[in-house]
Amino acid sequence: MMKTSARAVLVALGCCLLTPITGLGQAWVPPKGEGSVSVFFQNIDFAAHFNPDGSRDPAFSTRSKNVLFEVGYGVTDRLALNLTLPHVNNKFTDKVNKPFNLPINVVDDGSYHGALQDFRFELRYNAIRRPFTATPFFAAIIPSHGYQIIGEAAPGRHLREYIVGGYAGRLLNPVLPRAYVHGLASYAIVEREIDISVNRSNVDLQFGYFVPSVPI
């Protein structure tokens, strides 16, 4: 029963943690020899930017339609490998302000511009299974090709990135049999651009509850 519940949690979290760049892996890993191929879609409106003082600046809005391809595989019962690659399709939607960096900026012309973004390779090792699950991980983000980086509608930053961290999760049965809690802590070492460090720490905590299925 525990093994079946863990698989259900893995599927649910895969749907909840979708982002084009952040990690898709979780504390629960698939059994040895089990693989999956997934395709996700995102439609995101960026309505504003934030200034250095924290104020909201409504200028330079964009819209993004992304498709994320992911392959996952259980190397062993504790070790899992994930590979993801997003296709990003961005459009500069600001009708008032002119784009920056013209004429070098060729993507902020009001049309959609699509391109493959960055490969993400991730290895997860399930170190602890009970009473809670703990899974350290290492991930590498590598640009897939030399895409455009200047402009609001550019597909990405084109920076190599290495991430170390860990996932932790627990099913909340028998108190809440259909609930789980899941957390992430990581540190990213990012390739420097013009000698400016953009290394960062990430912390994430989620709570989920499975709604019972209704017979049709």
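Values as computed for the structure displayed
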item	result
For Leu18: the one exception among (1) buried (at least 16 other Cβ atoms within 10 Å of the Cβ); (2) at pLDDT 50 or above	(2)
Filter result for the condition that a residue is at pLDDT below 95, within 24 Å of the chain's Cα centre (by Cα) and of a type in the set (A, V, I, L, M), over Ala115, Ala48	Ala48
All positions within the stretch 118-154 that are acidic (Asp, Glu) and either touching a Lys or Arg at 6+ places or on another chain (Cβ under 7 Å) or modelled with pLDDT under 95 (or both)	Glu152
Among residues of the stretch 132-168, those that are part of a loop (DSSP other than H, G, I, E, B) and either hydrophobic (A, V, I, L, M, F, W, C) or more than 28 Å from Asp109 (Cβ to Cβ) (or both), counted	7
Of all residues making up the stretch 36-58, the number that are over 16 Å from Leu85 (Cβ atoms) and touching a strand residue (DSSP E or B) at 6+ places or on another chain (Cβ under 7 Å)	10
Every pair of residues 6+ apart whose Cβ atoms lie under 6 Å, when the first sits in the stretch 144-159 and is touching a residue at least 24 places away in the same chain (Cβ under 8 Å) and more than 20 Å from Asn199 (Cα to Cα) while the second is exposed (fewer than 15 other Cβ atoms within 10 Å of the Cβ) and β-branched (Val, Ile, Thr)	Ile150/Ile104
Test: Arg7 is modelled with pLDDT of 85 or more, farther than 20 Å from Ala139 by Cβ, among the basic types (Lys, Arg) and more than 12 Å from the chain's Cα centre (by Cα)	no
Tally, over the stretch 117-151, of residues that are under 22 Å from Arg200 (Cα atoms) and surrounded by 18 or more Cβ atoms within 10 Å (Cβ to Cβ)	10
Flag if Asn126 is touching a Gly at 6+ places or on another chain (Cβ under 8 Å) and not hydroxyl-bearing (Ser, Thr, Tyr)	no
Residue within the stretch 57-67 that is among the aliphatic types (A, V, I, L, M) and not in a loop (DSSP other than H, G, I, E, B) present	yes
Count of the stretch 137-167 residues which are on the phi < 0 side of the Ramachandran plot, small (Gly, Ala, Ser) and over 17 Å from the mean Cα position of the chain (by Cα)	3
Single residue of the stretch 177-201 satisfying the filter (among the β-branched types (Val, Ile, Thr) and under 24 Å from Ala27 (Cβ atoms)) that is modelled with the lowest pLDDT	Val181
Count - residues of the stretch 180-210 that are in contact (Cβ under 8 Å) with a residue 24 or more places away in the chain and farther than 22 Å from Ala127 by Cα	8
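The values are calculated or read from the model by the stated rules, or taken from the named source; none is laboratory data. From a predicted model like this one, the values you see are computed outputs, not experimental measurements. For neighbour counting, all protein chains shown are included, and Cβ atoms are generated from backbone atoms with ideal geometry for every residue, glycine included.
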